[in-house]
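The values are calculated or read from the model by the stated rules, or taken from the named source; none is laboratory data. Quick caveat: nothing in here was measured; it's all calculated off a predicted structure. No Cβ is skipped: glycine too gets one built from the backbone with ideal geometry, and neighbour counts run over all protein chains shown.
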Amino acid sequence: MADDDFNDMDMGYEDEPPEPEIEEGAEDDVDNNNNEDVPGEPIETGDKEEQEPVERPCKTSKYMTKYERARILGTRALQISMNAPVMVELEVRQTHL
């Protein structure tokens, strides 16, 4: 049933005209025409004075969230796994048996 209709389908490819071929020199002309409206020198805006940041009280919590802690521990674990020096002094513990 579906095999009979296979060749009868019109996909519309036969009616489309062929695309014109572009000459190699014409491509360069198109690229150069697009840059004519761009000015050569950038336009300078007014001088902006650097403003010093205003010192305000922090609005953050003094406690670290579990997500911040996990990120810091994960980053440090990655550094140690890549042979970074351990920055915490290790205590030597001896067990007295």
*Tally the residues that are in a loop (DSSP other than H, G, I, E, B) and loosely packed, with under 10 Cβ neighbours inside 10 Å, restricting the search to segment 68-85.*
3
*List, please: which pairs have Cβ atoms under 8 Å, are six or more places apart or on different chains, and start with a residue in segment 58-77 that is without any contact (Cβ under 8 Å) to a residue 60 or more places away in the chain and end with one that is among the aromatic types (Phe, Trp, Tyr)?*
none
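Looking for whichever is among the charged types (D, E, K, R) and modelled with pLDDT of 80 or more here; the options are Glu44, Glu89, Glu50. Which one fits?
On the way: Glu44 fails: modelled with pLDDT of 80 or more; Glu50 fails: modelled with pLDDT of 80 or more.
Step by step, each of Glu44, Glu89, Glu50 is checked, and only Glu89 is among the charged types (D, E, K, R) and modelled with pLDDT of 80 or more.
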